[in-house]
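Below is one structure, written out as structure tokens; the observations come after it.
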Amino acid sequence: MNFKAIGKTIGVILSIEAGFMLPPLFMALADGNGDIAKAFAISAAAALAVGLPFVLNRKWHDRLGARDGFAAAVLAWLAMSLFGALPYLLGGVIPSATDAFFETVSGFTTSSATVISDVEAMPRSVLLWRSITNWLGGMGVLVFLLAVTPAAKEGGSMYLLRAEFPGPTATKLVPRMQKSAKLLYIIYIIMTLVMIVLLSFDMPLFDAVNISLSTVSTGGFEIKNDSLMSYSRYAQAVTTLFMILCGMSFSIFYCLAVRDFSRIKRNAELKAFALIFGLSCLIVGLSSYKSFDSFGEGLHYTLFEVSSIISTTAHTAVDSSVWSQLALSLLMLLMIVGPMSGSTGGGMKISRLMILLKTAKRTLGRIIIPNSVHVIHLGGDAVDEETTATVSTFFAVYLLLMLVTAVLLSFEGIGFGEGVTAAISSLSNIGATEMKGYGVLGKLLLAFDMILGRLEIFPVLVLFAPQTWRK
């Protein structure tokens, strides 16, 4: 285990986090909120005090290996969550250390679960910090590190990306890893800026910035207690569009930019995403049409709700009571499945679902014809046996974690059904859980599930294997 390289990775992450604390600090000063400004200043200084000694090392001490990359990813996310909680604690807006940690983990993992009952009572600087944690966590802070600094040699960079990038495999857009990371963030930033501009025609700039940061990241942190219900149909429509776009793989936007349309045409996961989205809208809309005054109104809210859930953003535009039981059941399934691999959303990812279904079909075929050969293909490319086995294991572990979480939550008096829902929303990073009634154990457990879901389980579990720490 290359502890020096891991330490430097964490140090760079903490230094980056300190830099992102400056905008809320300046906003607090502009709003005349000295106590909150002081909290951000101390938090940034603490992050730098811990991170800079590692950053100032001249070398990365050789490349990061697979174990090093996974360890660096998990420990970096824990470190930035701990330091990211300091502004809440020091500013007194969330006085409980457990609650502050939970809120920060929820932000960075883009889960949107919150312990704050009245977000409109929060200072603007705190709301901005919550949105920034969403935005940083959306594309991934390690991807940001790779984009802005030659953090490690190419081999180590790939292990960092593999630990954080959503989907069964992590692929490069271009041969060099750092250039791929830069392209991802350029697309990410452009989409954020475009959404800010579109929303600013209809609302204050502060609102537009926060909604855009939490939507493009599919994070879903709100600045209004009613989410987006009080905003105009135009603002909701713009948000719907970007939730759909950010539920798609960012490699598609790269292909569009370089006019590689053949690669898009071959993308089987994109076709599956469009099919699942379209059928879900049809079922949700038809089963709940009586709740709306017109076809246009029903279509508007159906598109918003389905895009919000399948992208794991969890914005709300209408009260959930309008949806039928069939619609609510389908939306629960979409929470588990999630969007495309390579998007900013959570969940299992559609590509994994496709591989699972093809694996089941292959198993059935082998039962019928024992000696037959069945090769699994996805978008014309053969899926290797290692990936197939990993996807099957991922699904099994996901279900096991869901059940274990529900059982452990019962120690706090949480019903099994509610516990399953909380586990799914945390593991899928959609955060559709009301946190009232949850104690320290429940909040820490769900925070752990959020990190598991954001890093897609295995990088976290690897740290609990004894062989990980052996030389």
Picking from Gly442, Gly417, which residue would you name as being open to solvent by less than 10 Å² (accessible area, probe 1.4 Å) and without any contact (Cβ under 8 Å) to a residue 60 or more places away in the chain?
Gly442
Which one of these does Gly155 not meet: (1) over 26 Å from Met335 (Cβ atoms); (2) open to solvent by less than 30 Å² (accessible area, probe 1.4 Å); (3) within 21 Å of the chain's Cα centre (by Cα); (4) modelled with pLDDT under 75?
(3)
Could you look through the range 261-283, keep only residues that are modelled with pLDDT of 90 or more and aromatic (Phe, Trp, Tyr), and pick out the one that is surrounded by the most Cβ atoms within 10 Å (Cβ to Cβ)?
Phe273
Contact list please: Cβ distance under 6 Å, first residue in the range 382-408 and more than 19 Å from Ser341 (Cβ to Cβ), second residue in a helix (DSSP H, G or I) and aromatic (Phe, Trp, Tyr), pairs at least six apart or on different chains.
Ala406/Phe416
Examine the range 447-465 for a residue that is at pLDDT below 90 and among the aromatic types (Phe, Trp, Tyr), and state whether such a residue exists.
yes
Considering only the range 195-232, state which residues are in a loop (DSSP other than H, G, I, E, B) and of a type in the set (A, V, I, L, M, F, W, C).
Phe201, Met203, Phe221, Ile223, Leu228, Met229
Considering only the range 330-341, I want to know if a residue exists there that is open to solvent by 50 Å² or more (accessible area, probe 1.4 Å) and within 30 Å of Ser230 (Cα to Cα).
yes
Residues of the range 284-313 being surrounded by 18 or more Cβ atoms within 10 Å (Cβ to Cβ) and over 22 Å from the mean Cα position of the chain (by Cα), which ones?
Val284, Gly285, Ser287, Ser288, Gly298, His300, Tyr301, Thr302
For the list (1) under 24 Å from Glu222 (Cα atoms); (2) open to solvent by 60 Å² or more (accessible area, probe 1.4 Å); (3) of a type in the set (Gly, Ala, Ser); (4) in contact (Cβ under 8 Å) with a residue 40 or more places away in the chain, I need the number of the one condition that Gly346 fails.
(2)
Among residues belonging to the range 216-242 that are of a type in the set (Phe, Trp, Tyr) and farther than 12 Å from Leu198 by Cβ, point out the one that is least open to solvent (accessible area, probe 1.4 Å).
Phe221
Within the range 239-282, work out how many residues are over 28 Å from Leu331 (Cβ atoms) and touching a strand residue (DSSP E or B) at 6+ places or on another chain (Cβ under 9 Å).
1
Taking the range 309-320 as the region of interest, how many residues are over 21 Å from Ser343 (Cα atoms) and touching a residue at least 24 places away in the same chain (Cβ under 8 Å)?
3
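The values are calculated or read from the model by the stated rules, or taken from the named source; none is laboratory data. Note that the structure is predicted; figures quoted are calculated from it, not measured. Counting neighbours? That spans all protein chains shown, and the Cβs are built from the backbone with ideal geometry, glycine included. Calculation scope for accessible area: heavy atoms of the full protein, side chains included, ligands and nucleic acids excluded. Shrake-Rupley method; radii C 1.70, N 1.55, O 1.52, S 1.80 Å.
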